[in-house]
Amino acid sequence: MSRIAATLQALQRQGRKALIPYVTAGDPFADATPEIMLGLAAGGADIIELGVPFSDPMADGPVIQQASERALARGIGLAQVLAHVKRFRESDRTTPVVLMGYANPVERYDQRHGDGAFVAHARDAGVDGLLVVDYPPEECEVFASRLKAAGLDLIFLLAPTSTEARIKEVGCIATGYVYYVSLKGVTGAGHLDTDAVAEAVPRIRAHVKVPVGVGFGIRDAQTAQAVARVSDAVVIGSRLVQILNDQPRDTVAAAGKAFMAEIRAALDNDVKEHR
């Protein structure tokens, strides 16, 4: 069983919901990412999504686009991202890490280091899962088989526009969890419609047997609570990236920890109140 599956199953047994923060590797400081990850875990994060900087992040809104641009300007590429995970693993052997990004850096990495090198190096660094935004199920069979052989989970996005056929297709191949994009737009955009999320999640669960996480548009404890009531996990990205970007180097990890602790407490308190 993967670290992701074990974590989510443990939370389900406890009646708790997973808290999954997203941060961009190398932002807001090139060397602070492992410390930030440790702070997030200490604050109550159950799984950490680590964004791989890319010059054309088509699913991301301005906040995360700018974070990617800043990280790229600091020389952060996929090799540096894996080094961040490796450093994080020196202090934390239990919190699952998911790399979230795009196909181009992955394919470029293999061109430089050899066919299949990325999956092998990700496993060795301590990565637990991959979410490659522009790898649909029908175009990643080889990648999926490599991840499975390495014991890594393959996570897919689903959206309000996903058809029944697409949900079934994802359900056949996804492991770890699926990430439901709650908005018809990019990260950090629009107003979260929790009623629409509540309608969509059962439709996904009818075909997908892994837990369902929901992200895009979750910015505070109140929206996190509302989403957690109808899903298995809450993903918070743009708001966290904004908070970190406003911090000086010496307090950035503490700020991430404090924000996670606030959301974690809200989720756990909400569960107690609705039992």
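Just so it is clear, none of the values below were taken in a lab; they were calculated from the coordinates. Predicted model only: the values in this text are computed from it and were never measured. Glycine also receives a Cβ, built like all others from the backbone with ideal geometry; neighbour counts cover every protein chain displayed.
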| request: Could you tell me which of the pairs LYS17/LYS148; LYS148/LYS168; LYS86/LYS168 are separated by over 24 angstrom between their Cα atoms in the structure shown? | output: LYS17/LYS148; LYS86/LYS168
| query | By how many nm would the segment from ALA261 to ARG13 grow when fully extended, if each residue of separation counts as 0.36 nm and the alpha-carbon distance is taken off? | reply | 87.2 nm
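Just to be sure I follow: if Rg is taken over the C-alpha atoms of the chain and Rh is the Kirkwood radius over the same atoms, what is Rg/Rh? Don't skip to the answer; put the middle values down first.
Details: Rg = 17.1 Å, Rh = 18.4 Å.
Radius of gyration relative to Kirkwood radius: 0.93.
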| field | Charge-dipole axis of the chain as Lys and Arg at +1 and Asp and Glu at -1 on Cβ define it, positive-most pick from ALA30, ALA42, MET58 | value | ALA42
| remark: What helix-only [θ] at 222 nm does the chain give? Using -39500 (n - 2.57) per DSSP H run of at least 4, over all residues, to the nearest 500, the answer is -15000 deg cm²/dmol
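Give me the dipole magnitude in Debye, nearest 20, for the chain about the Cα centre, with unit charges on the beta carbon: positive for Lys and Arg, negative for Asp and Glu. Walk me through the intermediate numbers first.
On the way: 29 positive and 33 negative charges, 135 e Å.
Rounded to the nearest 20 debye, it is 640 debye.
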| said: Above 14 Å lies some portion of the pair distances; for the range 77-117, what is it as a whole percent of all C-alpha pairs? | reply: 55
| Centroid-to-centroid separation of the range 194-216 and the range 237-275 [C-alpha atoms, Å] | 23
| message | Using a 7 Å offset from the Cα along the Cα-to-Cβ direction at both LYS168 and SER91, what is the distance between the two label points in nm, to one decimal? | response | 4.8
| task | Within the range 128-152, which residues have the backbone N less than 13 Å from the label spot 7 Å out from ALA120 along Cα→beta-carbon, could you tell me? | result | 150
| note | Charge dipole of the range 197-274 built from unit charges on the beta carbon (Lys, Arg +1; Asp, Glu -1), centred at mean Cα; most positive-end Cα among ALA266, PRO248, VAL234 is VAL234
| Efficiency of FRET from Cβ geometry, GLU141 and ASP56, R₀ 22 Å, rounded to 0.05 | 0.35
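Which shape class, rounded, prolate or oblate, goes with the range 66-150 when its Cα gyration tensor gives a ≥ b ≥ c as root eigenvalues, a/c under 1.5 marks rounded, and past that a/b bigger than b/c marks prolate? Can you show the working numbers first?
Values: a/c = 1.58, a/b = 1.14, b/c = 1.39.
Cα axes put the range 66-150 in the oblate bin.
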